[in-house]
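Structure first, commentary second.
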Amino acid sequence: MSVSDLTAVVTGAGSTRGIGRATAHALAAAGWNIAVLDLDEPSAKDAAHEVAERHGVATVGVGCDVTDEQSVEDALTVLDGAVPPVGALVNNAGITSPTPFLEVSGEEWDRIFAVNLRGAFNVTRRTAAGMTERGFGRIVFLSSVSAERGGGVFGGVAYSAAKAGQLGFTRALARELGPRGVTVNAVAPGLIDTDITGGALEGDRKAELIAGVPVGRNGTVADVADLITYLCREESGYITGATYDVNGGSHMH
Ligand code: NAP
């Protein structure tokens, strides 16, 4: 089975400047058909349209709140018949928050976990069975340098804890699904120029942060998309349960 007979699901790929949309383009350039699931339906459809136009693959864009099991179920039902079977899942949808621990509310904590962890559970749970039945699958989680170093450049304790939870999820799932032909990996980006921080990292603060990055720049969405696409290749079948840093050397361990 070649990737051109399969679909890669990318969650949160609506955001025009985000990692998800860049990943959808990179995977399509590698031959994958693409399904975009995003909270915002028009942007999901826009991303799907843009990817189809640029790469000539089959695409579908669906509005979906990954935190809501029924919404995920409905969105994935739309894929049936519209695009080939799911062969890869990129758990990209995520939200962050810099709120200091002594100020964080239980509600905010739950929201961060709901999107980053429960959301990833909902979509993975619904797509992994088909992958194991076909004996091939690639699952990639968007964790963060925050999970590794205890807070990143923007993420507080809730975000770091949720992103670290994804690493345990990745490893345990890799162990369970490895015998069925499904690899599960995580990528841990450092500071990537997207809208997730809502423009909070500009000017002097940005220059200060870049001073701590050995390669002398912040990351681009293409840097991350390229790594994810590599992990989704058929030839990457011996890589599983791994966490790949993509942080310009800002955190080494
Ligand atoms: P982004 O541009 O904000 O993209 C996140 C996307 O997720 C948005 O399209 C957003 O949709 C969507 N989303 C949020 N909640 C959702 C939900 N409940 N259901 C479905 N979709 C939802 O951020 P990004 O920087 O590309 O981040 C992508 C991933 O990389 C995240 O998991 C993030 O934690 C991780 N990451 C980013 C960085 C960085 O520096 N940028 C570093 C490390 C890790 P709406 O726009 O419609 O709300």
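The values are calculated or read from the model by the stated rules, or taken from the named source; none is laboratory data. Only a predicted model underlies this, so the values are computations on that prediction, with no experimental measurement involved. Methodologically, a virtual Cβ is constructed for each residue, glycine included, from the backbone with ideal geometry; neighbour enumeration extends over all protein chains shown.
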Identity of the residue in region 168-196, among the hydrophobic types (A, V, I, L, M, F, W, C) and over 29 Å from M1 (Cβ atoms), that ends up modelled with the lowest pLDDT: I196
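Residues are listed down the side, and each one gets a yes or a no for (1) among the β-branched types (V, I, T); (2) crowded, with 18+ Cβ neighbours inside 10 Å; (3) farther than 25 Å from K206 by Cβ:
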| residue | (1), (2), (3) |
| --- | --- |
| R134 | no, no, yes |
| R138 | no, yes, yes |
| A158 | no, yes, no |
| Q166 | no, yes, yes |
| A174 | no, yes, yes |
Checked region 214-241 for anything closer than 15 Å to P189 by Cβ, surrounded by 14 or more Cβ atoms within 10 Å (Cβ to Cβ) and of a type outside the set (V, I, T); matches are N218, G219, A222, D223, A225, D226, L227, Y230, L231
Please go through region 138-163 and give me each residue that is over 18 Å from I196 (Cα atoms) and under 15 Å from the mean Cα position of the chain (by Cα), ordered by number. R138, I139, V140
When the residues of region 1-48 are filtered to those that are part of a helix (DSSP H, G or I), of a type in the set (V, I, T) and crowded, with 24+ Cβ neighbours inside 10 Å, which remaining residue is nearest to the ligand (Cβ to nearest atom)? I19
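Right, A88: under 20 Å from V184 (Cα atoms), more than 9 Å from the ligand (Cβ to nearest atom) and touching a Lys or Arg at 6+ places or on another chain (Cβ under 7 Å) or not? Before the answer, list the steps.
Details: under 20 Å from V184 (Cα atoms): yes; more than 9 Å from the ligand (Cβ to nearest atom): yes; touching a Lys or Arg at 6+ places or on another chain (Cβ under 7 Å): yes.
When the stated conditions are applied, A88 passes them.
So, in region 175-199, how many residues would count as being of a type outside the set (S, T, N, Q), within 13 Å of the ligand (Cβ to nearest atom) and in a loop (DSSP other than H, G, I, E, B)?
Start the filter on region 175-199 by keeping residues that are of a type outside the set (S, T, N, Q), which leaves 175-182, 184, 186-193, 195-196, 198-199.
Going one step further and asking which of them are within 13 Å of the ligand (Cβ to nearest atom), we end up with 186-193, 195-196, 198-199.
Narrowing the set further to residues that are in a loop (DSSP other than H, G, I, E, B) leaves 190-191, 193, 195-196, 198-199.
Number of matching residues: 7.
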Within the set of pairs 6+ apart or on separate chains, which have a first residue in region 85-98 that is on the phi < 0 side of the Ramachandran plot and hydroxyl-bearing (S, T, Y), a second that is part of a loop (DSSP other than H, G, I, E, B) and within 6 Å of the ligand (Cβ to nearest atom), and C-beta atoms under 7 Å apart? T96/I196
Among the residues of region 200-221, the number that are within 25 Å of A26 (Cβ to Cβ), assigned to a loop (DSSP other than H, G, I, E, B) and more than 9 Å from the ligand (Cβ to nearest atom) is 6
How about region 63-75: which of its residues are within 10 Å of the ligand (Cβ to nearest atom) and either over 16 Å from the mean Cα position of the chain (by Cα) or more than 20 Å from R111 (Cα to Cα) (or both)? G63, D68, S71, A75
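Among the residues in region 103-117, are any away from the ligand (no atom under 12 Å from the Cβ), surrounded by 18 or more Cβ atoms within 10 Å (Cβ to Cβ) and among the small types (G, A, S)? Give the derivation first.
Let us first name the residues in region 103-117 that are away from the ligand (no atom under 12 Å from the Cβ), namely 103-110.
Okay, now just the ones that are also surrounded by 18 or more Cβ atoms within 10 Å (Cβ to Cβ), so 109.
In the following step, the residues that additionally are among the small types (G, A, S) were identified as none.
Within region 103-117 (the criterion being away from the ligand (no atom under 12 Å from the Cβ), surrounded by 18 or more Cβ atoms within 10 Å (Cβ to Cβ) and among the small types (G, A, S)), the answer is no, since none of the residues qualifies.
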Give me the pairs, please: first residue somewhere in region 141-163 and farther than 24 Å from L231 by Cβ, second residue anywhere and modelled with pLDDT of 95 or more and of a type in the set (D, E, K, R), beta-carbon distance under 8 Å, and either six or more positions apart or on two chains. A158/E108
Only one of these conditions is not met by A128: (1) at pLDDT 95 or above; (2) within 12 Å of the ligand (Cβ to nearest atom). Which number is it? (2)
